[in-house]
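S.K.: Would you mind keeping the following structure in view while I ask a few things?
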Amino acid sequence: MQLGVNIPNFGPGTDPGILREWARLAEDLGLGALMVSDHVAITPDVAERYPEPFYEPFTTLSWLAGLATTVRLGTTVLILPYRHPLLVARMAANLHQLSGGRFVLGAGVGWARQEFEALGVPFTARGRLTDECLGVLREARDAGRQEGEIPLWIGGHSEAALRRAVRFGDAWHPLRLSLPHMREVLRQHELPGFAPRIALRVTSAPVDTSDRPAGVGTIEQIHDDLDQLRLLGADTVVLDPYHGDPDETRRPEAAWQAITTVATHWSTRS
């Protein structure tokens, strides 16, 4: 099982130099994936948690591909209704080719109603639009119009998202859930694969709440979470060190230390 990292491609502390440092760290640690998030119009509902500057994912990953030459590059998650399906297919295929087959497309339906309105996309149609885009992507892949296969990770944990993962995806990509929640979903559904994104928050004392998100707790708890996820069949686990406060991006050293500690300990145990 590989570890990846979801890096903040947004916020007041993020700039090209910080993104470059994230890429260097991911390569130095031998991580399996370097992933970024997606927003287009930074409306008030988005800006509260993910403020400007917000680096567009395809642009950012194309640039990072020249800096980090071995790690996989991906989106967690690309909001499919924001772009025309043929544009998504073209950009994904080009990035996959230009990076030497290293692109992973994590996809989701989105949640920011004001952003949908700003882009002129019906919020209530986001599920249908997502399915249409995934259909185009799978059709292009099945027809051999892509240079190599781009893995499709389907985000979300609603029943609709799970049906989408079964129909279109190569892996279910839940975001920041507890271990019991993920275990129960996997028990009830036959999913094509499993590549979760979990929180990363290292604490000095154990976290004993029943709804503790995977990845939150002491180093021992986090590594037990990783062991359990491996037993559940996870191929890749993406660690997310951002906790919702934009000022965190001004102090990336804490996130760098956390990912270094967890990845280093994991490499000695694996």
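S.K.: Does Thr59 satisfy being open to solvent by 20 Å² or more (accessible area, probe 1.4 Å), without any contact (Cβ under 8 Å) to a residue 12 or more places away in the chain and either outside any loop (DSSP other than H, G, I, E, B) or farther than 25 Å from Glu115 by Cα (or both)?
M.R.: Numbers: open to solvent by 20 Å² or more (accessible area, probe 1.4 Å): yes; without any contact (Cβ under 8 Å) to a residue 12 or more places away in the chain: yes; either outside any loop (DSSP other than H, G, I, E, B) or farther than 25 Å from Glu115 by Cα (or both): yes.
Yes.
S.K.: Being at pLDDT 95 or above, within 25 Å of Phe194 (Cα to Cα) and of a type in the set (Val, Ile, Thr) narrows it down to one residue among Val121, Val109; which is it? Steps first, please.
M.R.: On the way: Val121 fails: within 25 Å of Phe194 (Cα to Cα).
Just one listed residue meets the conditions, Val109.
S.K.: List the residue pairs whose Cβ atoms are under 6 Å apart, where the first residue sits in region 244-265 and is touching a residue at least 60 places away in the same chain (Cβ under 8 Å), the second is outside any helix (DSSP H, G or I) and hydroxyl-bearing (Ser, Thr, Tyr), and the two are 6 or more positions apart or on different chains.
M.R.: So the pair list comes out as Thr249/Thr14.
S.K.: Of Gly17, Gly30, which residue is touching a residue at least 60 places away in the same chain (Cβ under 8 Å) and surrounded by fewer than 22 Cβ atoms within 10 Å (Cβ to Cβ)? I'd like the intermediate steps shown before the answer.
M.R.: Details: Gly17 fails: touching a residue at least 60 places away in the same chain (Cβ under 8 Å).
Only one candidate qualifies: Gly30.
S.K.: Looking only at residues that are out of contact with any Pro (no Cβ under 8 Å at 6 or more places or on another chain) and among the basic types (Lys, Arg) in region 193-251, which one is least open to solvent (accessible area, probe 1.4 Å)?
M.R.: So the residue we want is Arg212.
S.K.: If you go through region 88-140, how many residues are open to solvent by less than 10 Å² (accessible area, probe 1.4 Å) and of a type in the set (D, E, K, R)?
M.R.: 1
S.K.: Checking the condition under 22 Å from Gly108 (Cβ atoms) and within 15 Å of the chain's Cα centre (by Cα), which residue from Ala160, Ala234 passes?
M.R.: The conditions single out Ala234.
S.K.: Identify the single condition in (1) closer than 24 Å to Ala41 by Cβ; (2) over 21 Å from the mean Cα position of the chain (by Cα) that Ala143 does not satisfy, given that it satisfies every other one.
M.R.: So Ala143 meets the others, but not (1).
The values are calculated or read from the model by the stated rules, or taken from the named source; none is laboratory data. Bear in mind the structure is a predicted one, so any value in this text is a computation, not a measurement. Glycine also receives a Cβ, built like all others from the backbone with ideal geometry; neighbour counts cover every protein chain displayed. To get the accessible areas, we keep the full protein, side chains included, count just its heavy atoms, and leave off ligands, DNA and RNA. Shrake-Rupley method; radii C 1.70, N 1.55, O 1.52, S 1.80 Å.
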